[in-house]
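*Asks:* Following this message is one structure expressed as structure tokens.
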Amino acid sequence: MRNRYSAGNLIGAAIGGHKDWAPAWLDVDPKPRYDVIVIGGGGHGLATAYYLAKNHGMTNVAVVEAGWIGGGNTGRNTTVVRSNYLYPESARLYDFSVQRYESLSKDLNFNVMFSQRGVITLAHSRHDLDAQERWTNAMLCNGIDAEMLNARQVQECEPRLDISSRARYPILGGFIQRRAGSARHDAVAWGYARGASALGVDIVQQCSVLDFIKKHGRVVGVKTSRGEIRADRVAMAVAGHSSVLANLAGFSLPVTSYALQAMVSEPVKPVLKAVTLSPALGAYWSQSDKGEVVIGGALDHFPSYAQRGSFAINQQAIAATVEAFPSLGRLRLLRQWAGIVDVVKDSSPIIGATPIPGLYINCGWGTGGFKAIPVGGWILAHVLATGQNHELAEAFQLARFHTGRLIDEAAASGIAH
Amino acid sequence: MMQLQCPFCGYRPENEFDCGGTTAIARPPIDCSDEVWGDYLFFRVNPKGLHAERWRHTFGCGQWFNVVRDTVTHEVSAVYRITESRPRALDP
């Protein structure tokens with residue numbers, strides 16, 4: 001059976017009619033006991049399992065997923081990867097993630113199609129320009145690449161934007177992070193799943209967590225739809241459903257769940273070069289490798305667990321699209337959906353121990369979890385394996401909501417909410 | 001588009017309203033511990049199901065009022081004024 005993906009192996013397999021490829025990863029039944037159970041088979045959960053095995057040699061690990069892997073927010077997001085944050089703690093965290101993305105295809109031997117095509121944030125007013133000067137300066141101070149653009153330079157980066165004086169939403173300029181871009185979401189999930197599975201991690205699908213098993217106040221396992229599974233440590237990486245699981249475990253979180261909406265057009269030839277965000281218009285755009293124009297909207301304005309998104313936001317995103325890109329006005333929409341995101345008041349994540357011994361959490365990424373998959377998995381694995389917080393995670397503990405040491409990351413939300 | 005019933009103006013589209021989040025959270029005394037104050041400011045039940053929340057008819061009469069809404073189906077089971085308490089039948 002062929003396990004490794006390479007040009008040589010591809011040619012060799014082609015001669016035999018591609019009959020001897022090993023499955024990318026194994027879907028298995030759960031064992032009664034593991035060292036670590038990770039709840040949630042999205043990018044963060046799978047990356048956690050992969051780094052537990054790869055960085056810490058812990059392979060007696062299960063990832064339990066209620067649906068199918070990558071079928072939650074990992075399969076519902078708009079795949080933007082960037083590190084254009086304001087504060088030093090966030091800059092370090094997210095840029096570590098961008099750096100992991102830069103080498104991820106090689107590390108995983110799986111093409112995650114990371115394309116550093118640049119992320120442009122548009123300025124529609126003098127105030128936007130002033131704010132972006134501050135934003136880019138903060139990024140440069142943190143050692144992250146950033147560049148202010150005038151309107152003409154914006155159009156060079158994204159020719160189909162309407163920068164004319166007659167535009168409904170005038171574009172005065174913007175800024176770009178050139179190392180930012182997009183990656184293929186299912187490839188990230190499958191790449192981590194394949195890497196983890198090859199190192200001995202069990203991936204269990206169609207396995208919902210119904211309750212936690214506790215002994216003397218400590219979590220020692222989970223009751224699932226496929227029976228009881230015990231473990232020394234349990235971690236949860238379930239994004240918008242974090243509060244639901246925390247409630248089962250007996251603690252609360254500073255999280256509110258909202259629907260974040262996206263949609264794609266019918267596939268067309270390459271028309272968009274970069275990823276463009278307009279905080280003022282509440283929309284952002286890119287083009288997938290399949291040719292679909294990907295349109296993302298703002299959050300619904302009210303708490304929601306409905307994976308569809310409201311029509312008010314849908315209308316806003318489409319109106320912004322036809323004004324900013326007049327030539328896309330006649331494209332037909334192919335699909336529209338929403339993912340349930342875990343929004344925290346300071347728009348920064350929570351990664352580490354919970355108030356319940358034996359239970360660890362990775363949540364609070366809000367609208368921007370995809371970009372953080374490598375770092376989220378890396379530092380959750382670190383605390384699970386060593387019992388100590390990774391240095392990048394020290395500032396992002398649950399305790400900050402009682403000490404007041406918030407990291408109020410306004411730049412976390414690429415678009416305003 | 002989702003419609004909400006303002007107790008003063010009747011049914012209006014959702015984008016005339018702002019959602020103010022969970023309603024009827026009691027403020028603790030000012031000399032409470034950091035733990036209690038942090039819980040009050042930031043920690044929320046965030047239920048998947050019935051949620052009692054306050055809304056404001058911002059682009060209408062400007063009044064605040066309460067709604068019990070299902071966060072999955074968005075079905076509204078009660079609308080009551082800001083000083084009224086949640087209907088007994090809908091207690092969690």
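The values are calculated or read from the model by the stated rules, or taken from the named source; none is laboratory data. For clarity, every value in this text was computed on a predicted model and none was experimentally measured. No Cβ is skipped: glycine too gets one built from the backbone with ideal geometry, and neighbour counts run over all protein chains shown. We work out accessible area using only protein heavy atoms, side chains counted, and drop any ligands, DNA or RNA first. Shrake-Rupley method; radii C 1.70, N 1.55, O 1.52, S 1.80 Å.
*Asks:* Hey, got a sec? Which trypsin sites (Lys or Arg not before Pro) in region A:142-205 land in a DSSP loop and have at most 12 other Cβ atoms within 10 Å? All intermediate terms of the calculation are to be shown ahead of the outcome.
*Replies:* On the way: sites: A:R152, A:R160, A:R166, A:R168, A:R178, A:R179, A:R184, A:R194; in loops: A:R160, A:R166, A:R168, A:R178, A:R179, A:R184.
Sparse-neighbourhood loop trypsin sites (Lys or Arg not before Pro): A:R166, A:R168.
*Asks:* For Cα pairs less than 8 Å apart in space and 6+ apart in sequence, what is the mean separation divided by the residue count of region B:3-90, i.e. the relative contact order in percent?
*Replies:* That works out to 27 percent.
*Asks:* Can you compute the FRET efficiency between A:W68 and A:D35 using 1/(1 + (r/R0)^6), with r the Cβ-Cβ distance and R0 = 25 Å? Round to the nearest 0.05.
*Replies:* On the way: r = 24 Å, r/R0 = 0.97.
E between A:W68 and A:D35, to the nearest 0.05, is 0.55.
*Asks:* What list of ³J(HN,Hα) couplings, whole Hz, do you get for region A:331-342 from phi and the Karplus terms 6.51, -1.76, 1.60, once you set θ to phi - 60° and write x for glycine and proline?
*Replies:* My calculation for region A:331-342 gives 5, 9, 7, 9, 9, 9, 7, 9, x, 9, 10, 9 Hz in order.
*Asks:* Find the accessible area per residue for region B:3-90; the probe is 1.4 Å, ligands and nucleic acids are left out, and the unit is Å².
*Replies:* With all protein chains present, region B:3-90 gives 58 Å² per residue.
*Asks:* Measuring from the lowest to the highest alpha carbon on each principal axis, how far does region A:14-155 reach, largest first, in angstroms?
*Replies:* Taking the Cα atoms of region A:14-155, the three principal extents are 60, 42, 26 Å.
*Asks:* Taking a temperature of 10 °C and a viscosity of 1.306 mPa s, what whole-number D in µm²/s does Stokes-Einstein yield for the protein assembly as shown with Rh from Kirkwood over alpha carbon pairs? Provide the component values of the computation, followed by the final result.
*Replies:* Numbers: Rh = 24.0 Å.
Answer, rounded: 66 µm²/s.
*Asks:* While we're looking at this one, here's another question. Name the residue, out of A:G227, A:G195, A:G118, whose mean-square fluctuation peaks in a Gaussian network model built on chain A with Cα pairs under 10 Å.
*Replies:* In this elastic network of chain A, the residue with the biggest mean-square fluctuation among A:G227, A:G195, A:G118 is A:G227.
*Asks:* Output the residues of region B:31-57 meeting this criterion: accessible area (heavy atoms, 1.4 Å probe) in the chain alone minus accessible area with all protein chains in place is 40 Å² or greater.
*Replies:* In region B:31-57, residues shielded by partner chains: B:F42, B:F43, B:R44, B:N46, B:K48.
*Asks:* Cβ neighbours within 10 Å, averaged per peptide: list A:326-336, A:125-135 in order, most packed at the top.
*Replies:* A:125-135, A:326-336
*Asks:* If you take the accessible area of A alone plus B alone and subtract the pair, what total do you get in square angstrom, rounded to 100, with a 1.4 Å probe?
*Replies:* 2100
*Asks:* Are there residues in region A:300-318 whose accessible area shrinks by at least 10 Å² when all protein chains are included rather than the chain by itself, and which are they (probe 1.4 Å, ligands and nucleic acids not counted)?
*Replies:* Buried on complex formation: A:H301, A:F302, A:P303, A:S304, A:Y305, A:A306, A:R308, A:S310, A:F311, A:A312, A:Q315.
*Asks:* I'd like the distance between the alpha-carbon centres of region A:164-226 and region A:337-389, rounded to an integer number of Å.
*Replies:* Going from one Cα centre to the other spans 10 Å.
*Asks:* Suppose the Debye formula is applied to equal point scatterers at every Cα of region B:3-90; what is log10 I(q)/I(0) at q = 0.15 Å⁻¹?
*Replies:* -0.61
*Asks:* For chain A, what is the accessible area per residue in Å², given a 1.4 Å probe and the full set of protein chains?
*Replies:* Result: 40 Å² per residue.
*Asks:* Would you please put B:48-56, B:73-81 in order of how densely packed they are, using the mean number of other Cβ atoms within 10 angstrom per residue and starting with the highest?
*Replies:* B:48-56, B:73-81
*Asks:* In addition: Pick out which of A:S265, A:S225, A:S257 has the largest mean-square fluctuation in a Gaussian network model of chain A, springs linking Cα atoms closer than 10 Å.
*Replies:* A:S225
*Asks:* Just A:I313, A:I356, A:I120 to compare: in a GNM of chain A, with alpha carbon springs under 10 Å, which one fluctuates most?
*Replies:* Looking only at A:I313, A:I356, A:I120, the biggest GNM fluctuation is shown by A:I356.
*Asks:* I'm a student and want to see the number: the projected area of the Cα convex hull of region A:69-144, averaged over all directions, in nm². Please list the in-between numbers first.
*Replies:* On the way: hull surface 26.1 nm².
Its average projected convex-hull area is 6.5 nm².
*Asks:* Of the options A:V80, A:Y192, A:Y305, report the single residue whose Cα projects farthest towards the positive end of the charge dipole of chain A (beta-carbon charges: Lys, Arg +1; Asp, Glu -1).
*Replies:* Going by the charge dipole, the pick is A:Y192.
*Asks:* At a 1.4 Å probe radius, carbon and sulfur cover how many percent of the accessible area of region A:294-417?
*Replies:* Details: 2250 of 4290 Å².
Carbon and sulfur: 52 percent of the exposed surface of region A:294-417.
*Asks:* Moving to a separate point now. Please provide three numbers in whole Å: the alpha-carbon extents of region A:232-387 along the principal axes, with the largest listed first.
*Replies:* 56, 29, 24
*Asks:* Sort all Cα-Cα distances of region A:159-200 into consecutive 10 angstrom bins from zero, then give the percent of pairs in each bin up to the one containing the longest distance.
*Replies:* P(r) over region A:159-200, rounded to whole percents: 21, 24, 21, 16, 13, 5.
*Asks:* Ignoring ligands, DNA and RNA, what percent of the accessible area of region B:3-90 is carbon or sulfur (1.4 Å)?
*Replies:* Values: 2510 of 5070 Å².
Roughly 50 percent, rounded to a whole number.
*Asks:* Now for a different question. Which pairs, out of A:K214/B:K48; A:K54/A:K290; A:K31/A:K223; A:K106/A:K371, put more than 20 Å between their alpha-carbon atoms? Don't jump to the answer; show the numbers that get you there.
*Replies:* Numbers: A:K214/B:K48 23 Å; A:K54/A:K290 32 Å; A:K31/A:K223 13 Å; A:K106/A:K371 18 Å.
Violating the 20 Å limit, Cα to Cα: A:K214/B:K48; A:K54/A:K290.
*Asks:* Now a separate question. Would you calculate, for chain A, the mean residue ellipticity at 222 nm contributed by helices, counting each DSSP H stretch of 4 or more residues as -39,500 (n - 2.57) and dividing by all residues, to the nearest 500? Walk me through the intermediate numbers first.
*Replies:* Working: 10 runs with 121 residues, N = 417.
Result for chain A, helices only: -9000 deg cm²/dmol.
*Asks:* Further question: Tell me which residues come under 5 Å, amide H to amide H, from A:A235 once H is placed; ignore anything under 5 positions away on its chain.
*Replies:* A:I37, A:V38, A:I39, A:Y360
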